[in-house]
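Below: one structure, written as structure tokens.
The values are calculated or read from the model by the stated rules, or taken from the named source; none is laboratory data. Computed from a predicted structure; not experimentally measured. Quick reminder, even Gly has a Cβ in these numbers, built from the backbone with ideal geometry, and neighbours come from all protein chains shown. Accessible surface is based on the protein model in full, side chains and every heavy atom, while ligands, DNA and RNA are left aside. Shrake-Rupley method; radii C 1.70, N 1.55, O 1.52, S 1.80 Å.
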Amino acid sequence: MSTNARGTNFIPLLNLEKETKRWNQLYKIMTGPKPEIIPTPRQCVWKKNKTTLWFHPAKEKKHAVPVFLIYSLLNKVYILDVGEGSSVVGGLTERGYDVYLLDWGSPGLEDSDITLDNYIIDYLENSLKRALRHSGAKEISLAGYCLGGTIAAILASITKLPIKNLSLAAVPIDFSVGIVPDKWLEGLQKGELSFDRFVDAHETIPSEFLYLMFRMLSPSYGSPKMNLISRAHDDKYVEKWRRMDKWTKDTASFAGSAFKQLFNDLYKDNKLLKGELVIGSRKVDLKNIRCPLFVFSCSRDTLVLEQQSLPVMDLVSSEDKTYEVYEGGHVSLALTGVFAEIWDKWLSARSKEIQEVLV
């Protein structure tokens with residue numbers, strides 16, 4: 001009599017070597033120290049308060065026009081330089097660009113009165129001047145990521161500095177839509193919801209509050225452990241996961257006055273889109289942007305929706321302007337270093353080669 005029962009092969013045999021490695025990796029991650037983030041070779045060329053301007057020289061300089069990177073005020077900037085093989089900064093230096101990276105730092109209680117005006121003019125514009133002097137270049141290419149893109153667009157519209165090219169990645173321009181719950185947005189826009197009293201109480205917004213806010217609004221800040229559990233045997237994936245996990249939990253604090261402006265002028269009144277924003281007595285009009293413009297969004301972005309970025313294409317005066325959608329998420333764009341690859345394809349044709357300058 002046959003004893004071969006149906007379904008005996010339904011449950012696949014376990015790969016003991018793979019499973020052992022997977023669970024050993026998980027144990028090490030949960031109990032071990034956070035990974036060390038080693039930056040691309042750099043030197044400090046300018047400093048103001050908590051803010052530092054880093055210069056990362058090209059490995060083999062090919063382009064005469066240097067690159068200046070700006071990231072969000074809400075997070076730590078090292079997401080753009082998370083280690084060899086994944087670094088946006090490293091990817092650009094390997095492709096022959098001198099790179100300047102502005103690190104906003106994390107404000108303390110004594111910095112509560114710093115405004116967006118201060119950040120954009122006293123910090124960003126002045127550091128951009130320093131980068132131009134340090135490089136000896138006549139022009140510079142500006143790239144902003146997330147809220148850093150919003151800030152870059154604002155500066156580009158009001159400054160007289162020679163910006164050769166402008167790139168905006170996952171950039172919020174229209175603040176009437178977004179990941180903020182509809183009831184919050186409606187409450188902000190009607191004046192029924194305000195963060196002013198909260199800010200006044202804390203003066204400088206604690207990093208812990210911002211981390212909880214982002215974690216609530218976006219799953220990318222939850223450091224999804226299910227993905228890690230299923231791929232813990234993959235060394236490359238584990239290393240990237242550990243870096244992302246460290247970064248998502250390492251949120252910066254936020255100056256209270258700038259936080260008020262962010263929510264009142266942008267989220268509540270949407271002044272940037274409407275052309276009503278004033279920074280340092282200068283009216284912000286995106287029509288003043290005439291340089292070549294490259295904007296790209298992420299198809300699976302849970303932090304900045306494509307609808308928030310698209311309006312900038314109609315608001316600027318640039319004749320040379322490109323819009324693309326990258327298949328990926330908001331953080332993976334930086335964590336995988338693909339930002340450098342995408343930008344270089346567009347930028348290299350608009351940056352003078354060293355040979356051209358020498359002729």
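Compute the FRET efficiency between Ser194 and Arg300 as 1/(1 + (r/R0)^6), taking r as their Cβ-Cβ distance and R0 = 25 Å, and round to the nearest 0.05.
0.20
Would you mind checking the pairs Lys129/Lys260; Lys249/Lys352; Lys34/Lys62; Lys164/Lys283 and listing those with alpha carbons more than 32 angstrom apart?
Where the Cα-Cα span goes over 32 Å, the pairs concerned are Lys249/Lys352; Lys34/Lys62.
Send over a whole-number figure in Å² for the accessible area per residue of segment 267-332, probe 1.4 Å.
About 48 Å² of surface per residue is accessible.
Express in nm, to one decimal, how much length is gained between Ala349 and Lys287 on full extension, taking 0.36 nm for each residue of separation and deducting their alpha carbon distance.
19.9 nm
How about segment 79-177: which GluC sites (Glu not before Pro) there are in a DSSP loop, with at most 16 other Cβ atoms within 10 Å of their Cβ?
Qualifying residues, ordered by number: Glu84.
Where does the Debye-calculated log10 I(q)/I(0) of segment 241-336 sit at q = 0.13, 0.19 Å⁻¹, using only Cα point scatterers of equal weight, no solvent?
-0.65, -1.15
Can you bin segment 80-167 into rounded, prolate or oblate? Criterion: square roots of the alpha carbon gyration tensor eigenvalues sorted a ≥ b ≥ c, rounded for a/c under 1.5, prolate for a/b above b/c, oblate for the rest.
oblate
Separation between the Asp235 and Leu109 pseudo-spin-labels, each 7 Å from Cα along Cα→Cβ, expressed in nm?
4.7 nm
Quick one: with all protein chains in place, what share of the accessible area of segment 263-322 is carbon or sulfur, to the nearest percent (1.4 Å probe)?
44 percent
Quick one: Karplus J couplings for segment 84-91, per residue in order, coefficients 6.51, -1.76, 1.60, θ = phi - 60°, nearest Hz, x for Gly and Pro?
Each residue's phi maps through the Karplus curve to give 4, x, 10, 7, 5, 4, x, x Hz.
According to a simple spin-label model (label point 7 Å from Cα along Cα-to-Cβ), what is the distance in nm between Asp314 and Leu26?
Simple spin-label model gives 5.0 nm for this pair.
Classify segment 46-102 as rounded, prolate or oblate, taking a ≥ b ≥ c as the square roots of the eigenvalues of its Cα gyration tensor: rounded when a/c is under 1.5, otherwise prolate if a/b is larger than b/c and oblate if not.
Note, shape of segment 46-102 comes out oblate.
Please calculate the 1.4 Å probe accessible area of Cys146, with all protein chains present, and give it to the nearest 10 Å².
So the heavy atoms of Cys146 present about 20 Å² to solvent.
Tell me, what is the per residue accessible area of segment 74-209 in Å², probe radius 1.4 Å?
For segment 74-209, the solvent-accessible area averages 37 Å² per residue.
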